[in-house]
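Please treat every number below as a calculation from the coordinates, not as lab data. Computed from a predicted structure; not experimentally measured. Positions of Cβ are backbone-derived with ideal geometry, glycine not excepted, and every protein chain shown enters the neighbour counts.
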Amino acid sequence: MQPNPPSKPPAHLKSVPSDTQELMTRVYDELRALASDYLKHERVDHTLQPTALVHEAYLRLAKVDRIHWRDKNHFLAAAAGTIRRVLVDHARTKATAKRGGGKIRVTLSEAVQLPSKSDIDILVLNDAMGRLSALDDLASQVVELRFFGGLTNDQAAKVLGFCNTTAKEKWSFARVWLRRELGKDA
């Protein structure tokens, strides 16, 4: 049996700079797998599909023409933030469309290891990450890169420009802090 050929980013992005197109092509399958993992715990009738999530992130990234991508990790970092914003925007739209309902649920990666509940409301997570950012912006950035970007501690450290030890410390702090904060909303 032949393996499936790699998927491709949206074809209508011909006006996107070539370095962005190249990076989009290189990481498309990786981001699509992450998006699929985020959304596989959704209701059967949810409206956001992995391909649509990744394509929306690409469309938003394509509008940013002032960025020179240093490497794949730099691009993944930007994509992680963009995916987070797409998920939050979608959740807000759904929540406002139907009073009290339509909230998107995503599973926080097992690396955060929430003690009682693995399904996290994306809006609650986003609010918690906003509070974490006010407390420790680097810790918030590490969470964003690890959760939404699928990066390792080493990759996150490289993207953010600090040593692996600092990334591990920030990740440890963020896990404990988020566990406590998300437990309040559970």
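A few remarks follow.
- Converting phi to 3J(HN,Hα) with the Karplus coefficients 6.51, -1.76 and 1.60 and the offset θ = phi - 60°, region 50-59 yields x, 4, 5, 4, 5, 5, 4, 4, 4, 4 Hz in sequence order, with x at every glycine or proline.
- Members of 63/94; 94/158; 40/72; 63/168; 72/94 lying beyond 30 Å, as alpha-carbon distances in this model show: 94/158; 63/168; 72/94
- The distance between label points at residue 25 and residue 93 comes to 2.9 nm (points 7 Å beyond Cα on the Cα→Cβ vector).
- Across every direction, the projection of the convex hull enclosing the Cα atoms of region 115-176 has a mean area of 4.2 nm².
- Karplus-derived 3J(HN,Hα) values for region 148-156, using 6.51 cos²θ - 1.76 cosθ + 1.60 with θ = phi - 60°, are 8, x, x, 7, 7, 4, 4, 5, 4 Hz; glycine and proline are entered as x.
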